[in-house]
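The values are calculated or read from the model by the stated rules, or taken from the named source; none is laboratory data. Please read these numbers as outputs of a predicted model, since none were measured by experiment. Positions of Cβ are generated from backbone atoms using ideal geometry, with glycine treated the same way; all protein chains shown enter the neighbour counts. These area figures cover heavy atoms from the full protein model, side chains too; ligands, DNA and RNA do not enter into them. Shrake-Rupley method; radii C 1.70, N 1.55, O 1.52, S 1.80 Å.
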Amino acid sequence: MVRKGDIAAWCGKACFMGIRKVTEWNIRECSAEKASILAQRLDITPLASRLLTVRGFDTPEKAYSFLNISADMLHDPFLMNDMDKACKVICGHVKRKSKILVYGDYDVDGVTSTVILLQYLRSLGADVTAHIPERISEGYGLNMDSIAKFAENGINLIITVDSGITAIEEAEFAASLGVELIITDHHTCRDLLPKASAVINPKRHDTSYPFSSLAGVGVVFKLLCALDSYYFSIDIKIASEKILSLFSDMVSIGTIADVMPITDENRIIVSYGLKRIDETRNIGLEALLEEINGETKKNNGRQSPKKKVTSSQVGFIIAPRINACGRIGNALRAVELFTTDDKNTARMIAAELCAINKQRQIFENSILTEALEYVESNHDFANDLFIVAENEEWHHGVIGIAASRICEKYHLPCILISFAGGKDENDPGEDIGKGSGRSIEGLNIVEALASASDKLVKYGGHDLAAGLTVKRKDLPMLKKLLNEYAREKLSTLDLREILTIDAVLTKNDINIRSASEIGMLEPYGLGNSVPLFCAQDMKIAEIISIGDGKHTRMILEKDSISVTALYFGISSASLPFFPGDTADIVCNMDINTFQNNRSVQLIIRDIRHSRQHRDMLVRKTSQYKVIRTGMKLPGGFELIPSRDDFKIVYLYIRKKLQSKQILISENTEFIPDERFISVDIPYLSAKIISDTKNQIGILKLLIIMDIFTETGIIAREDSEGFPMLQKIALENISAQNKINLEHSELLQELKRLYFENA
C-alpha cells in the first residue's frame, strides 16, 4: 500500500533531482460492507462491486440506474434559456422558405454540429446551406466580412453552432443588415451576451438547465429535440427518442472528440451513439470506418476482427481524421462526407481525410519537436508555472495538439503561439499571433486569459482548452501576467499528476469474468475514466521488448497467478527493472483475444518498485551510512572496490555520457543542469550488472562514486542525505590525467578497518 510517508519522501527526492512532474498514487477508499451488498444483490464480481461503490454508485438502486441507461433520463430541452424563442424563429423561417445558413466551426464538435442541424433542417424542407470558416484566413467564429457576404446573398437567418457566444459586435452588425441570428454554443459565457434572437448555451449565468457540460453538438442535439416537438406538436420524450435514434452517432463523436465529461446526458448520448456507429446508416461514416479498417489491414498485414466501437477508438482513431480536415484543409469536406448520399463520393472524401490526417501527423511531430526544444531552452522551470512558447512558422491548425502534448509532459498549463503570416489590420507593421492553450486541473485557462485580457485581441474556450489572438508587442507582458496568475492559483498539490486508483487487485480479481464485468461501466471518458487498478508485489518473471523497441511486455507473477502486462510508449531499456524484481503497478485490465483464445492482460500506466524493494533501499542507505561513519559492517570487506571494479564503473559511465545516454531511467523526468547530470544509483548498479555481467552492487557502487569524487574524477552535487539519487558533473569524467586511486583516504581507511585487524 502506498503511504503518505512514501509520497513525502519521494517528493523530497524529486526536488533534489529537479524532477518536474511528480506522479502520486491515490487509492480510493471503499466500504467493504456496501460493496458486499452490491455483489450479492446484483450478482456481480467483488471487483465490479468495489468499482461501483468507490465511484458513488454504492446502493443497488444507484448502481442499477447507472448501469441501465435510458433515453427517458434526458432533460427537457425547453428548460434551456431561449429554446422556445429559437424554435419559433427557426420554424417560421422554414415555413416561409427563407434562406438559412448554419455557421459552424472547424473542429469535430463544430463539424458534427453542422452536419446534424443541416440534415434535420433539410428533412423539414428548409432552404439551408452551411459555412465553416477557413482556419487560417478567417479564424474562429463569426466575422464581419462573412456576415456581409451572406447578407448580400440573401441569407435571412444565421444559426451558429459550437461558436458565437462572444460575438457581441458581429451580432449587432448582422442585425444592422437585417440578418436574424440564433447562437448555439457551449463555451464559457462572459457577463455580456450577444444581442441575438436566441442565445442557447447551458453555461449561461442565468440558466436553470440541470447539466452544463454538453458539447456544442450536444446543445444542437437538444435544439433538434425541441424543434421536433415544436414543429410536429409531439411529446418531448417521443421527439427526444426520435432524434437520439437518428443522430446519436454524430452527437457521440462530437462529444467524445471535445473531451466532454461522459456523465449525465452525455453518458446517455454516447452510449446510444457508440451502438449506432456499429450499425451506422450514415454513408459517409461507413466509408470512413472502411477506410480506417483498410489502413489497419495495410499496416498490420491482416484484417483486424470486427469489434464494437469504443469511446477510446472514437477519440484516438475516428476523431483525428475528421479534425485534420479542419486543421490543415477545409472542414466543409468533412461536412460533405457525412451529408452525401453518394457512396463513391463518400469513399473518395474518406480517403482524402485519412491522407490529410497523415500529413497532420507529420506537421504535429515537427512542431512538437521544435516546441519541446524551445521550452527546454527558454522556460524558467524554477519560477514559471505557465509555459508560453512562440514560433514564426508553426501551422495554426496543429499547435493545439502540440500544446496538449506539452501540457501532459510537464503537467503545467501551456500556450503555443504562431505568428505565421499574421498582421494587424490597423497597424500593418505589427505582427498578430494566434495561440492555442491547454491547462491542468486547478487552473481554468479561460479565467487565466481573462486576467490578462487587456493584452489580448480576443480569446475564448473551456476550462482546460482555449484559443487566443495576441499582438507581438504584448506577448512579454502576457507571459508575465499568466505566470503571476498561475503562481496565485496553483498549489504544490495541483502540480502533481495524481493517478486515482479504483481498487487494489487481489489474485481472485484477475480473471475473465472480472475483466468482462468492468465493461459494464462503459462508455468511458472524462468524469467516467477507464478503471485504474493497483497490483502490488508482482514478481517480474520476464521483460520483453516489442514494437521495434518502443514498447515493453512483461510477464508478472504472484500467488500462482501469471499475467501478461503491456507498457506502451516505454522501452524495456529505459525501465529501472530487471527479471526477479518485485514491483507495484498501476494498470487497466482488459481481455486479449488471439486465435479465439481469451486471456486477461494488464495495461501498465505507472510502475514502481514494491515495498520489498524500497525497504531494501532503506537498508542499503543505513548500511552505507554505517560504513561512512567508520563503523565495521559484517562482511563489509567484500564492498572494498578492486582495480577492475573501478575500471568497469569508470569506463561504463564514460561510455554512457559520451553517447549522451542518461544514467537515470528514461521514464523519470528531470531538469538537465548545465553542469550536472542525474544518476539513479540502484538503476546504474542494475544496468552495470546486466550489461557487463560484473556484480557491482549498490553499496560498492556508492563507495566507488565517493572515491571518484574524492580524487577529482567526477564532481558531485550534495544529495542532502539521500545517496541513491546523485548529480555528477560531465566535465571531469573523461579527464586524461592519470589518478592513483590508491591515494584515496576513503579507500585506505576501508582497507585498514577490514584488513589490519582481520
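For Ala382 and Ile603, FRET efficiency with R0 = 30 Å and r from the beta-carbon atoms, rounded to 0.05?
Numbers: r = 35 Å, r/R0 = 1.17.
The calculated FRET efficiency here is 0.30.
Rolling a 1.4 Å sphere over the protein heavy atoms, what is the accessible area per residue of the chain, to the nearest Å²?
Details: 34440 Å² over 758 residues.
On a per-residue basis, 45 Å².
Give me, ordered by chain and number, the residues 5 or more places off Leu443 or on other chains with an amide H under 5 Å from its own placed amide H.
Residues meeting the criterion, in which the H sits 1.01 Å from N, do not exist here.
So for the chain, taking the charge dipole from beta-carbon charges (+1 Lys/Arg, -1 Asp/Glu), which of Leu353, Val108, Ala171 sits furthest toward the positive end?
Positive-end residue among those listed: Leu353.
When the dipole is taken about the Cα centre of the chain, and only Lys, Arg (+1) and Asp, Glu (-1) are charged at their Cβ, what size is it in debye, to the nearest 20? Before the final figure, lay out each step's value.
Working: 90 positive and 101 negative charges, 404 e Å.
About 1940 debye.
For region 303-376, report the translational diffusion coefficient in µm²/s to the nearest whole number, using Stokes-Einstein at 10 °C, 1.306 mPa s, and a Kirkwood Rh over Cα pairs. All intermediate terms of the calculation are to be shown ahead of the outcome.
Values: Rh = 14.0 Å.
Roughly 114 µm²/s, to the nearest whole number.
Given only helices, namely DSSP H runs of n ≥ 4 each adding -39500 (n - 2.57), what is the per-residue ellipticity at 222 nm of the chain, to the nearest 500 deg cm²/dmol? Don't skip to the end; give the middle numbers.
Numbers: 24 runs with 321 residues, N = 758.
One gets -13500 deg cm²/dmol as the mean residue ellipticity at 222 nm.
For the chain, state what percent of all Cα-Cα pairs lands in each successive 10 Å bin, counting from 0 Å until the bin that includes the largest distance.
The percentages, shortest bin first, are 2, 12, 20, 22, 19, 12, 7, 4, 1, 0, 0.
To the nearest 20 debye, what is the magnitude of the charge dipole of region 185-241 about its Cα centre, counting +1 on the Cβ of each Lys and Arg and -1 on the Cβ of each Asp and Glu?
Charge dipole of region 185-241: 200 debye, to the nearest 20.
Measuring from centroid to centroid over Cα atoms, what is the spacing of region 310-353 and region 92-165 in Å?
19
On full extension of the chain, what length is gained from Arg96 through Ser245, given 0.36 nm per residue of separation minus the C-alpha to C-alpha distance?
Working: separation 149, 0.36 × 149 = 53.64 nm, distance 2.82 nm.
That works out to 50.8 nm of additional length.
What is the Cα centroid distance between region 608-624 and region 579-599, reported in whole angstrom?
27
Rounded, prolate or oblate: pick one for region 152-275, where a ≥ b ≥ c are the square roots of the eigenvalues of its C-alpha gyration tensor, a/c under 1.5 means rounded, and failing that, prolate if a/b is larger than b/c, else oblate. Walk me through the numbers before you get to the answer.
On the way: a/c = 2.00, a/b = 1.50, b/c = 1.34.
Taking the square roots of the gyration eigenvalues as a ≥ b ≥ c, region 152-275 is prolate.
Measuring from label point to label point, each 7 Å out along Cα→Cβ, what is the Glu717 to Phe78 span in nm?
Spacing of the two 7 Å Cα→Cβ label points: 6.7 nm.
Would you work out which of Met554, Pro261, Ile200 lies farthest towards the positive end of the dipole of the chain? Charges go on Cβ: Lys and Arg +1, Asp and Glu -1.
Met554
Short version: ³J(HN,Hα) in whole Hz for each residue of region 315-320, in order, from phi by Karplus 6.51 cos²θ - 1.76 cosθ + 1.60 (θ = phi - 60°), x for Gly and Pro, what are they?
Each residue's phi maps through the Karplus curve to give x, 10, 10, 6, 4, x Hz.
Could you give me the ³J(HN,Hα) list for region 167-174, computed from phi with Karplus coefficients 6.51, -1.76, 1.60 and θ = phi - 60°, whole Hz, x at Gly and Pro?
Result, ordered by residue: 7, 5, 5, 5, 5, 5, 5, 4 Hz.
Give me the orientation-averaged projected area of the Cα convex hull of region 127-222, in nm², one decimal. It would help to have the intermediate numbers written out before the result.
Numbers: hull surface 25.7 nm².
One quarter of the hull surface, i.e. the mean projection, equals 6.4 nm².
Which ³J(HN,Hα) values, rounded to whole Hz and listed in residue order, are derived for region 568-583 from phi using the Karplus coefficients 6.51, -1.76 and 1.60 in 6.51 cos²θ - 1.76 cosθ + 1.60 with θ = phi - 60°, glycine and proline given as x?
Going residue by residue, I get 7, x, 10, 7, 4, 5, 8, 7, x, 10, 9, x, x, 5, 10, 9 Hz, with x marking Gly and Pro.
Suppose R0 equals 60 Å. What FRET efficiency, 1/(1 + (r/R0)^6) with r the Cβ-Cβ distance, do Leu192 and Glu756 give to the nearest 0.05? Let's see the in-between values first.
On the way: r = 87 Å, r/R0 = 1.44.
Here the calculated transfer efficiency is 0.10.
What relative contact order, as a whole-number percentage, does the chain give when Cα pairs under 8 Å and 6 or more residues apart are counted?
Here the relative contact order equals 10 percent.
Among the listed pairs Lys655/Lys693; Lys222/Lys275; Lys647/Lys687; Lys632/Lys738; Lys656/Lys693, give every one whose C-alpha distance is greater than 22 Å. Numbers along the way, then the final one.
Working: Lys655/Lys693 16 Å; Lys222/Lys275 20 Å; Lys647/Lys687 16 Å; Lys632/Lys738 31 Å; Lys656/Lys693 16 Å.
Violating the 22 Å limit, Cα to Cα: Lys632/Lys738.
Starting from 0.36 nm per residue, how many nanometres of slack lie between Glu392 and Ser545 once their C-alpha separation is accounted for?
Details: separation 153, 0.36 × 153 = 55.08 nm, distance 3.95 nm.
Gain on stretching Glu392 to Ser545: 51.1 nm.
Is there a quick way to get the dipole size of region 52-125? I mean about its Cα centre, with the Cβ of Lys and Arg at +1 and of Asp and Glu at -1; what is the value in debye to the nearest 20? List each step's numbers first, then the result.
Numbers: 9 positive and 9 negative charges, 133 e Å.
The dipole magnitude comes to about 640 debye.
Sketch the reach of a paramagnetic label on Lys308 as a point 7 Å from Cα along Cα-to-Cβ, and name the residues of region 259-274 whose backbone nitrogen lies under 13 Å away.
271-274
Can you tell me how much longer the chain between Gln595 and Arg41 gets when fully stretched, taken as 0.36 nm per residue apart minus their C-alpha distance, in nm with one decimal?
Values: separation 554, 0.36 × 554 = 199.44 nm, distance 3.57 nm.
Full extension of this stretch gives 195.9 nm more.
With label points built 7 Å along Cα→Cβ from the Cα atoms of Arg654 and Arg28, find their separation and express it in nm.
Between Arg654 and Arg28, the simple spin-label model gives 5.5 nm.
Which of the aspartates and glutamates could be linked to Lys343 by a straight reach, that is with a Cα gap under 17 Å, when you skip same-chain ones fewer than 8 residues away?
Excluding near neighbours in sequence, the set is Glu279, Glu286, Glu290, Glu291, Glu352.
Run the paramagnetic zone check for Ser70: 7 angstrom along Cα to Cβ, then residues of region 235-265 with backbone nitrogen under 20 Å.
Residues 235-246, 263-265 fall inside that zone.
Please work out the FRET efficiency for the pair Glu152 and Ile362, using the Cβ-Cβ distance as r and a Förster radius of 35 Å; give the result to the nearest 0.05. Don't jump to the answer; show the numbers that get you there.
Values: r = 39 Å, r/R0 = 1.12.
According to the calculation, E is roughly 0.35.
So how many Å³ per residue does the convex hull of the Cα atoms of region 87-152 work out to? Walk me through the numbers on the way to the answer.
On the way: hull volume 5.7 nm³, N = 66.
Spread over its residues, the Cα hull of region 87-152 gives 86 Å³ apiece.
For Thr506, which sequence-distant residues (separation of 5 or more, or a different chain) have an amide H within less than 5 Å of its own amide H, given hydrogens modelled in the peptide plane?
Here the answer is none, since no amide H 5 or more places off falls under 5 Å of that of Thr506.
Take the solvent-accessible surface of the protein heavy atoms, probe 1.4 Å, and return the percent of it on the chain that carbon and sulfur atoms account for. Walk me through the intermediate numbers first.
Details: 16960 of 34440 Å².
Reported share for carbon and sulfur atoms: 49 percent.
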